[in-house]
Amino acid sequence: MKKRVLVLVAAVMAVVFSAKAEVEFAYEAGAEVVSAYIWRGQYNGSLSFQPTASVGLNALDEAVQFRAGVWGNIGASDWKFQRDKGDGTGFTRFMPELDVMLSATAYGASVGFNHYYYCDGSNFFSWQSVADLDTYGNTSTTEFWFGYNFDHFFGVGAYINWYTTIAGQDLVYDENDDPHRAWSTYIELGYDYTWEKIGLTLGGQLGLSPWASDLYGNSKFAVTNISVKLNKEFEIGPCTIDIFAQGSLNPDGVTTQNAVIPGAGDDKLYKQKLNAVLGCGFWF
């Protein structure tokens with residue numbers, strides 16, 4: 001699959017450059033401060049600082065785009081310091097998150113890879129065999145994704161994205177307790193409506209996990225995320241300030257037993273099906 005995607009990206013680039021289209025360098029950098037870190041319906045931590053940066057190329061009046069970027073999360077609940085009591089109950093941990101992202105977009109259709117790493121001292125790369133993952137473990141994961149944004153051709157703020165984990169700690173166990181790769185998958189349907197005059201955007205998302213996944217905490221098909229987000233932007237020179245509020249419902253529920261990283265946040269809050277986030281971002 002990886003080779004086919006790379007071939008597709010190379011083909012799109014060849015078409016762009018053979019057509020002698022005007023190519024522009026693009027970049028974006030910024031950060032958000034959020035009251036809680038919610039990921040696809042799961043509570044992953046409390047107050048957090050989330051910086052991000054990306055670089056890439058635009059061509060054909062931005063109809064074709066290539067991006068490489070990084071995203072991080074440093075949360076208040078990522079810091080855990082206790083004196084070792086000698087009975088296994090004490091611990092010291094600092095576990096921020098670092099994600100690396102690659103993507104290509106052409107006329108509304110996108111493909112890409114996301115690599116998630118939790119800085120806990122485990123292997124940064126996630127390409128171990130299933131047997132090694134079962135024996136030694138690894139918190140890093142890699143996913144392939146593709147999607148389509150209907151705004152490009154149809155002027156409608158609807159989109160659909162499909163994400164499948166292809167490497168890393170993503171296992172399921174059969175009746176003999178033998179590990180197999182789960183191919184955990186998340187399908188996101190979304191719609192954004194913007195009131196241009198006041199710069200206010202209302203967005204909604206529906207997230208589905210179509211088969212059993214420890215990553216999303218479901219044993220069969222499940223709706224794992226229903227969210228609504230209200231967003232207001234302010235332009236100040238070359239910069240954009242973004243203020244938003246979001247509510248998220250996980251009808252399937254996430255518990256401390258099936259959460260992807262049980263120690264990454266306030267464990268008691270993993271049992272919440274309903275979460276709310278207030279946030280502010282700064283971009284340039």
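Please enumerate the residues belonging to region 108-122 that are in contact with an Asp or Glu (Cβ under 8 Å, 6 or more places away or on another chain) and part of a loop (DSSP other than H, G, I, E, B).
Once the filter is applied, which keeps residues that are in contact with an Asp or Glu (Cβ under 8 Å, 6 or more places away or on another chain) and part of a loop (DSSP other than H, G, I, E, B), region 108-122 yields 108, 119.
Looking at (1) within 22 Å of residue 116 (Cα to Cα); (2) over 19 Å from the mean Cα position of the chain (by Cα); (3) surrounded by 14 or more Cβ atoms within 10 Å (Cβ to Cβ); (4) not basic (Lys, Arg), which one does residue 180 not meet, given that it meets all the others?
So residue 180 meets the others, but not (3).
Here's the yes/no breakdown for (1) more than 30 Å from residue 134 (Cβ to Cβ); (2) touching a residue at least 12 places away in the same chain (Cβ under 8 Å); (3) of a type in the set (Lys, Arg):
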residue: 197; (1), (2), (3): yes, no, yes
residue: 203; (1), (2), (3): yes, yes, no
residue: 232; (1), (2), (3): yes, yes, yes
residue: 238; (1), (2), (3): yes, yes, no
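Output the residues belonging to region 211-255 that are in a loop (DSSP other than H, G, I, E, B) and either crowded, with 16+ Cβ neighbours inside 10 Å or touching a Lys or Arg at 6+ places or on another chain (Cβ under 8 Å) (or both).
If we filter region 211-255 for residues that are in a loop (DSSP other than H, G, I, E, B), which is where we start, we get 211-212, 214-217, 219-221, 237-238, 250-255.
Of everything in region 211-255, those that are in a loop (DSSP other than H, G, I, E, B) and either crowded, with 16+ Cβ neighbours inside 10 Å or touching a Lys or Arg at 6+ places or on another chain (Cβ under 8 Å) (or both) turn out to be 211, 212, 214, 215, 216, 217, 250, 251, 252, 253, 254, 255.
Suppose we filter 37, 43 for residues that are touching a helix residue (DSSP H, G or I) at 6+ places or on another chain (Cβ under 7 Å) and under 25 Å from residue 186 (Cα atoms); which single one remains?
43
For residue 202, are the conditions met, namely being assigned to a helix (DSSP H, G or I), aliphatic (A, V, I, L, M) and in contact with a Lys or Arg (Cβ under 9 Å, 6 or more places away or on another chain)?
No, not satisfied.
Return the only residue of 125, 144 being outside any helix (DSSP H, G or I), farther than 23 Å from residue 48 by Cβ, out of contact with any strand residue (DSSP E or B) (no Cβ under 6 Å at 6 or more places or on another chain) and of a type in the set (Phe, Trp, Tyr).
Values: 144 fails: out of contact with any strand residue (DSSP E or B) (no Cβ under 6 Å at 6 or more places or on another chain).
Result: 125 is the single residue among 125, 144 that is outside any helix (DSSP H, G or I), farther than 23 Å from residue 48 by Cβ, out of contact with any strand residue (DSSP E or B) (no Cβ under 6 Å at 6 or more places or on another chain) and of a type in the set (Phe, Trp, Tyr).
Checking the conditions here, which among 174, 151 is of a type in the set (Asp, Glu), modelled with pLDDT under 95, farther than 26 Å from residue 244 by Cα and surrounded by fewer than 16 Cβ atoms within 10 Å (Cβ to Cβ)?
174
When the residues of region 154-166 are narrowed to those that are touching a residue at least 24 places away in the same chain (Cβ under 8 Å) and under 15 Å from the mean Cα position of the chain (by Cα), which ends up surrounded by the fewest Cβ atoms within 10 Å (Cβ to Cβ)?
160
Could you check region 231-251 and list, in sequence order, the residues that are under 19 Å from the mean Cα position of the chain (by Cα) and over 17 Å from residue 202 (Cα atoms)?
Result: 250, single match.
Going through 56, 72 one at a time, which residue ends up being closer than 30 Å to residue 155 by Cβ, at pLDDT 85 or above and in a strand (DSSP E or B)?
Unique residue meeting the criteria: 56.
Going through region 185-223 one residue at a time, which ones are small (Gly, Ala, Ser) and modelled with pLDDT of 95 or more?
190, 203, 204, 207, 209
Given the options 105, 135, 139, name the one that is in a helix (DSSP H, G or I) and either among the β-branched types (Val, Ile, Thr) or over 16 Å from residue 181 (Cβ atoms) (or both).
Only one candidate passes the filter, namely 135.
Looking at 84, 99, can you tell me which residue is charged (D, E, K, R), modelled with pLDDT under 95 and in contact with a Gly (Cβ under 9 Å, 6 or more places away or on another chain)?
84
Can you tell me which residues in region 164-185 are among the hydroxyl-bearing types (Ser, Thr, Tyr) and in a strand (DSSP E or B)?
Within region 164-185, 164, 165, 173, 185 meet the criteria.
When residues of region 39-53 are filtered for being at negative phi and either modelled with pLDDT of 95 or more or outside any strand (DSSP E or B) (or both), how many remain? Quick ask: steps written out before the conclusion?
Of region 39-53, the ones at negative phi are 39, 42-44, 46-53.
Filter once more, keeping what is either modelled with pLDDT of 95 or more or outside any strand (DSSP E or B) (or both): 46-47, 49-53.
Number of matching residues: 7.
Is it true that residue 77 is at pLDDT 90 or above and of a type outside the set (Lys, Arg)?
In short, no.
Determine whether residue 139 is hydroxyl-bearing (Ser, Thr, Tyr) and at pLDDT below 90.
The answer is yes for residue 139.
The values are calculated or read from the model by the stated rules, or taken from the named source; none is laboratory data. In this text, all values refer to a predicted model and were calculated from it rather than measured experimentally. So basically every Cβ, Gly included, is an ideal-geometry build from the backbone, and we count neighbours across all protein chains shown.
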